[in-house]
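For reference, the structure is listed below as C-alpha cells.
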Amino acid sequence: MAAAAGVVLLVAGCGSEGGADKAKGGGAPASGAATPAEQGAGTLDAAAVKKEIADAATTAGFTEKSGDDVPASLRSCMVSWSPDGKKATDSKQSFDATVAALVKEGWKETRTSDQPMSVIKSLDKSGWTVKASHHGKAGSLLVVSFIAVDNGPTCAKAFQEDLAKNKQ
C-alpha cells in the first residue's frame, strides 16, 4: 500500500504544470488565485471520477481487473482503475478510445509522452488529474492504468501523511 501512495505522489507530480508543487502541498498559486481544486470544489469526487473512467474504458472494450490497491485513508483523494488488457482485442486502440471518451466528457489533455512502447497522458478536470498510461504490448509485459488524484490541498496533505507513515 505504501508503494501505491508513493507511486501516486510521483505520478501526480510528473508531467503536469505545477503538479510537483501540488504533490508537496504547495497547491496555492503565488498570485493568491484559487487552485483548480478549490475552483471546482464539489463538482467531482472520487466516485464520480471512477465512474467516468470506468464508463469510458468499458465502452472502449476494457474490463476492470479486480482489486483496489488504494489505501483506505486515500480513497476520497485518488482512483486507480486498471483494465484487464488481455480481454481487450487491441489494448492500445482501447486505451486511445478511453482517452478520447474522457476528453469528450470534459477532461482536458494537458501533456503527452509518446515513446515506441510507452504512452502516458495527463488529463485534468475540476481539480483532478488522470495519468493514463499504456506500456508494453500484447503477448509480452503489458501494463495499462488510469490513476486519478485530487490536486487539492486537503488531499496533498493526506498523501504526505500516508507517505510519512509508511516510510517507517
- Note on the structure: Residue pairs within 9 Å by beta carbon, gap of at least six or interchain, first lying in the stretch 65-80 and farther than 12 Å from residue 146 by Cβ and among the basic types (Lys, Arg), second modelled with pLDDT of 85 or more and buried (at least 19 other Cβ atoms within 10 Å of the Cβ), listed first then second, are 75/46
- Output the residues belonging to the stretch 43-64 that are in a loop (DSSP other than H, G, I, E, B), without any contact (Cβ under 8 Å) to a residue 40 or more places away in the chain and open to solvent by less than 60 Å² (accessible area, probe 1.4 Å). 61, 63
- Message: Contact list please: Cβ distance under 8 Å, first residue in the stretch 108-120 and loosely packed, with under 12 Cβ neighbours inside 10 Å, second residue not in a strand (DSSP E or B), pairs at least six apart or on different chains.
- Response: 117/137
- Message: Could you check the stretch 69-107 and list, in sequence order, the residues that are in contact with a helix residue (DSSP H, G or I) (Cβ under 7 Å, 6 or more places away or on another chain), within 25 Å of residue 154 (Cα to Cα) and open to solvent by 60 Å² or more (accessible area, probe 1.4 Å)?
- Response: 69, 73, 75, 76
- Message: Need pairs with beta-carbon distance below 8 Å; first residue under 18 Å from residue 125 (Cβ atoms) and within the stretch 150-168, second in a strand (DSSP E or B) and not hydroxyl-bearing (Ser, Thr, Tyr); sequence gap 6+ or separate chains.
- Response: 150/78; 150/128; 151/128; 155/78; 155/149
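In the set 84, 69, 96, 90, which member is acidic (Asp, Glu) and in contact with a His (Cβ under 9 Å, 6 or more places away or on another chain)?
After ruling out the rest, the residue left standing is 96.
The values are calculated or read from the model by the stated rules, or taken from the named source; none is laboratory data. From a predicted model like this one, the values you see are computed outputs, not experimental measurements. Because the Cβ atoms are built from the backbone with ideal geometry, glycine has one as well, and the counts that use them run over all protein chains shown. These accessible areas exclude ligands, DNA and RNA; they are computed on the full protein's heavy atoms, side chains included. Shrake-Rupley method; radii C 1.70, N 1.55, O 1.52, S 1.80 Å.
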